[in-house]
Amino acid sequence: MREAARTLRDSGSVVLVASLNGRQPGIGMGAYCSAKAGVLMLTEVAAMELAPRGIRVNAVNTGFVHTPLTHGATLVPGLVEEYIDNTPLGRAGTPGEIAQTIGFLTSTAAGWMTGAAIDLNGGAHTKRYPDIVARIADMAGGNSAP
């Protein structure tokens with residue numbers, strides 16, 4: 001982000017991709033959740049620091065989206081279904097939906113928005129996060145103690 005800001009003149013937009021886990025904890029995911037929470041704080045700090053140059057900084061908190069990166073989740077019985085069950089809109093997101101939101105954040109329509117994080121997760125932030133550790137333990141035939 002620092003390098004991108006250097007190339008932006010005295011205007012522009014930076015969008016960081018955080019995660020549902022930036023605000024919703026998951027058992028066994030301390031490092032990941034902490035890192036994503038850090039992205040959210042970085043969004044706010046960078047928004048303050050870059051505002052004098054007219055550079056806006058925002059973030060999106062994505063939920064479960066079917067991508068090559070999340071394919072491994074489909075190999076854990078019941079995990080994707082648990083994500084979906086805990087998403088009020090009842091489905092995974094699409095890469096296109098993420099791209100459209102980022103497009104909005106970089107457009108003039110969001111010209112007075114900076115330091116914001118959009119929850120782009122079908123409402124999953126309002127429910128609970130799947131117990132991935134327990135799902136994997138069940139799959140492996142062990143117990144789910146962290």
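Take every Cα pair under 8 Å in the chain that's 6+ residues apart, average their separations, divide by the length, and report that relative contact order as a whole percent.
Averaging sequence separation for qualifying contacts and normalising by length gives 30 percent for the chain.
Compactness ratio of the stretch 42-146: Cα Rg over 2.2 N^0.38 Å, N = residue count?
1.35
Whole Å is fine, so just give me how far the alpha carbon centre of the stretch 43-107 lies from that of the stretch 115-138.
What the calculation gives is 11 Å, centre to centre.
Would you grab the residues whose amide H sits under 5 Å from the one on Arg56? Only those 5+ places off in sequence or on another chain, please, with H modelled 1.01 Å from N.
Close amide H contacts, sequence-distant or interchain: Gly12, Ser13, Val14.
Taking θ = phi - 60°, what integer Hz values does the Karplus form 6.51 cos²θ - 1.76 cosθ + 1.60 yield along the stretch 14-23, in sequence order, with x for Gly and Pro?
In residue order, the calculated couplings are 10, 10, 9, 9, 9, 6, 3, 6, x, 10 Hz.
Only Cα pairs under 8 Å and at least 6 apart count here; give the relative contact order of the stretch 1-58 as a rounded whole percent.
Relative contact order, the stretch 1-58: 44 percent.
As a test, work out the antiparallel percent of DSSP beta bridges whose residues both lie in the chain, rounded to the nearest 5.
Here the share of antiparallel DSSP bridges comes out near 0 percent.
Around Ala124, what is the net charge, scoring Lys/Arg as +1 and Asp/Glu as -1 over all other residues with Cβ under 14 Å from its Cβ?
The answer is 0.
Laboratory data are not the source of any read-out in this text; all were calculated from the coordinates shown. Note that the coordinates shown come from a computational prediction; the quantities given were computed from them, not determined experimentally. When we count neighbours, we look across all protein chains shown, and the Cβ atoms used for this are built from the backbone with ideal geometry, even at glycine.
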